[in-house]
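Have a look at the structure below, then the notes.
FYI, it's all coordinate maths here, none of it is from the lab. Everything quoted here is computed from the prediction, not taken from an experiment. Neighbour counts are summed over all protein chains in view; Cβ atoms, including those assigned to glycine, are modelled from backbone coordinates with ideal geometry.
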């Protein structure tokens, strides 16, 4: 038995339907040739290291599967054609890597944008001790300015 | 007048020794010393690979990172795979 993994980088605008159809199609390719899918993970949205097809963001999917030694070449060819031709509009990059059959299936991956909660400006300013720039104090300053303006107007009158 | 002390070792060698010790402890391969790190050496683990890049995104020389040649070669292939999959930059303009 050989064990492989396929990492896909898709466009950020991929819908849930397209993702599920992609998953089922890839699973069908593998299972047609007596392979078995071990896992299909959605990593989530990422900020890319460099823009690809003018996209700054992308979504990663990781599929792992096992197959027999005789069928592995045809499966890999079929996967390549599905990634590079059939779903070429959705998939920007793909890579197929052979895994060690006895190694554990755990792996490390970078944190996606969906996992790291986006922080608002105020909490960032508080952490970095820049409270003077915060929105509330900004509002106060505007109030002060408007007060000063009204004062000057009164003086004129 | 003070008598000149005769040195047993040449001054050039002494200076060389001082230079060597001034850089702190000797470098060692991070993957040879800790076998757990070898399992983590993977193209998907971009946060680990990022430690072996310069600010500009170039691969650090083993002369600097201290890796042995075996693991340096393995690391290089993983970084290049990671670059293809857009997890690491080829060249970073802002970092």
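For the pair residue B:74 and residue B:28, label points projected 7 Å from Cα toward Cβ lie 1.7 nm apart. A Förster radius of 30 Å combined with the Cβ-Cβ distance from residue B:47 to residue A:18 puts the calculated FRET efficiency at roughly 0.55. Legend: translational diffusion of the range B:27-95 by Stokes-Einstein, Rh = Kirkwood radius over C-alpha pairs, 37 °C, 0.692 mPa s; D = 271 µm²/s. Here the simple spin-label model places points 7 Å from the Cα toward Cβ, and for residue B:9 and residue A:111 these points are separated by 4.8 nm. Note on residue A:36/residue A:88: beta-carbon distance plugged into 1/(1 + (r/R0)^6) with R0 of 25 Å gives a FRET efficiency of 0.45.
Segment residue A:121..residue A:50, full-extension length gain: 23.0 nm, with 0.36 nm per residue of separation and the alpha-carbon distance subtracted.
Residue exposure proxy: B:9, A:75, A:95, ordered by other Cβ atoms within 10 angstrom of their Cβ from fewest to most, comes out as B:9, A:95, A:75. Computed over the range B:27-95, relative contact order equals 39 percent, with contacts defined as Cα pairs under 8 Å that lie 6+ residues apart.
Taking Cα pairs under 8 Å and at least six residues apart, what relative contact order does the range A:2-99 come out at, in percent? Averaging sequence separation for qualifying contacts and normalising by length gives 48 percent for the range A:2-99.
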